1. Only helices (runs of 4 or more DSSP H) wholly contained in the stretch 39-157 count here; list those with 1 or more residues that are aromatic (Phe, Trp, Tyr) and free of Cβ contacts under 8 Å to residues at least 12 places away in the same chain.
2. Would you mind stating whether residue 87 is modelled with pLDDT of 95 or more, on the phi > 0 side of the Ramachandran plot and of a type in the set (Ser, Thr, Tyr)?
3. Among the residues of the stretch 98-112, what is the count of those that are closer than 15 Å to residue 68 by Cβ and more than 18 Å from the chain's Cα centre (by Cα)?
Amino acid sequence: MHEKARSLILLFKKIKYSMLINIDPLLSPGLLSILRSMGHGDYLAICDANFPAASLAKRLIRIDGADIKRTTKAILSVFPLDSFIEYPVTRMEVDGKPDVINDVHKEFIETVKNTAGSNWKIGSMERSKFYQRAKDSFAIIVTTDQRPYGCFMMTKGVVKPDGSVWI
């Protein structure tokens, strides 16, 4: 084998195993591609293990072994929320009890505030309306979190030319 070819093979092996910095390892290349491909106003659903994601999704990403909190924190580390609408984040309501905030809702709301900031309003949506919005969303991310009503919708915001988020 020629020395140049050997050098190229070694270089390609190094590139194949290279890592990125400041990117949560939960964000796979496929998920990062989807998040980057989304435009302002596109919806992203993050759902529990029981959500019928495979039958509703235009684009489906599974994050096995991760719960809603871990998944939300990873996504919000790179995902700008929409500041042009009242509720850039919504939760699925508990059937017949729209004002009930269960444990997974509380954890999600806390994660949004800790990761994206406390200025974001979080709305709610009746389950059948959530299903329709999920069907219309750019992508659905399904976790292995089994807690009921652990389904959330985020609307993508705007990134300004300087790289900051439009707030």
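1. Once the helices (runs of 4 or more DSSP H) in the stretch 39-157 are filtered for at least 1 residues that are aromatic (Phe, Trp, Tyr) and free of Cβ contacts under 8 Å to residues at least 12 places away in the same chain, nothing remains.
2. When the stated conditions are applied, residue 87 does not pass them.
3. 3
Conditions tested, residue by residue: (1) surrounded by 14 or more Cβ atoms within 10 Å (Cβ to Cβ); (2) among the basic types (Lys, Arg); (3) within 15 Å of the chain's Cα centre (by Cα).
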residue: 75; (1), (2), (3): yes, no, yes
residue: 78; (1), (2), (3): yes, no, yes
residue: 94; (1), (2), (3): yes, no, no
residue: 114; (1), (2), (3): no, no, no
residue: 142; (1), (2), (3): yes, no, yes
residue: 152; (1), (2), (3): yes, no, yes
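The values are calculated or read from the model by the stated rules, or taken from the named source; none is laboratory data. Given the structure is predicted, the values throughout are model-derived calculations rather than measurements. Backbone-built Cβ (ideal geometry, glycine too); neighbour counts: all protein chains shown.
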